[in-house]
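The values are calculated or read from the model by the stated rules, or taken from the named source; none is laboratory data. In this text the structure is predicted, and so the values were computed from the model without any measurement. Here the Cβ positions follow ideal geometry from the backbone for every residue, glycine too, while neighbour counts run over all protein chains shown.
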Amino acid sequence: MLGSYSDPFGGTPVLLVALPIDRVEPTPYQRDPSDAHVKRLMTVIEKVGRFLDPVVLIRHDDRYWTPNGNHRLQAMRKLGAKTIIGLLVPDPDVAFKILALNTEKAHNVKEKSLETIRMARALAGAKAGVEVDYAFEFEQAPYLTLGAAYEERRSLSGGAYHPVLRRIDEFLEAPMAKALKERERRAGKVLKLDDAVSKVVSALKAKGLTSPYLKPFVVARVNPIRFSKSTEFDFDEVMDKMIASATKFNVDRVKQEDVAKVGGAPPED
């Protein structure tokens, strides 16, 4: 321990510590590190000649977890550091809250969804509360459904389905273990829709249509609530309609100029 202080906002105690780097691990439910980001951090640390951004730490059994410093941890390991400086907080629940505030590297939909479903599984294992209790930590209900889908299909273009899921997917008033089963069921419908949409995309490509927006174009075309101003929808009803529409999608009616009207950047996976 190098020192201690009371947090200036909440008044909670915080310890400034120097720990053997081999006793520190990332929390198991956060996203996988980006090799490119680790390399960038290594370059910065080497150029500055100092490690000036302590990681946040919580105690876990005889080791320590960092909920938001995985890239810094990996960079220091690759640089050969034997020790890492961190802020040790006594409340283990902060590990879940801090993931929602993580700004070290912007998440894409896939990273955020996988991180969220891993967090949910950890909470279910601890039998901690109901899903809606963790709305802050999870941020959005669709991340849970997409996370379960990504576990089954890492190649899923989740960004194409995220907009509609934000309108039809809500947090559940169910214990975490039961809620996870429901998330897996909902993920199955997302994957079934993705199968149908992917077949349409393949047919459009075979017809000679080329665009990075083909999948979001098809998803938009089969979305029954696209122009609805309502704020409440039944998840299964909307998904079943989308699956049915995608299954009978007529590619002969689609022209290149129709796809060209889809503006903006392709959705993040």
Of all residues in the stretch 201-259 being assigned to a helix (DSSP H, G or I) and of a type in the set (Gly, Ala, Ser), the one that is surrounded by the most Cβ atoms within 10 Å (Cβ to Cβ):
246
Out of 172, 193, 209, I need the residue that is assigned by TED's automatic domain parsing to the domain that holds residue 235, out of contact with any Ser or Thr (no Cβ under 7 Å at 6 or more places or on another chain), hydrophobic (A, V, I, L, M, F, W, C) and farther than 23 Å from residue 248 by Cβ. Which one?
172
Suppose we filter 160, 149 for residues that are over 14 Å from the mean Cα position of the chain (by Cα), part of a helix (DSSP H, G or I), buried (at least 24 other Cβ atoms within 10 Å of the Cβ) and not assigned by TED's automatic domain parsing to the domain that holds residue 67; which single one remains?
160
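This table checks each residue for (1) within 27 Å of residue 110 (Cβ to Cβ); (2) surrounded by 14 or more Cβ atoms within 10 Å (Cβ to Cβ); (3) not polar (S, T, N, Q).
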{"site": "19", "(1), (2), (3)": "no, yes, yes"}
{"site": "28", "(1), (2), (3)": "yes, no, yes"}
{"site": "31", "(1), (2), (3)": "yes, yes, yes"}
{"site": "46", "(1), (2), (3)": "no, no, yes"}
{"site": "69", "(1), (2), (3)": "yes, yes, yes"}
Of (1) assigned to a helix (DSSP H, G or I); (2) closer than 16 Å to residue 189 by Cα, residue 122 fails just (2)
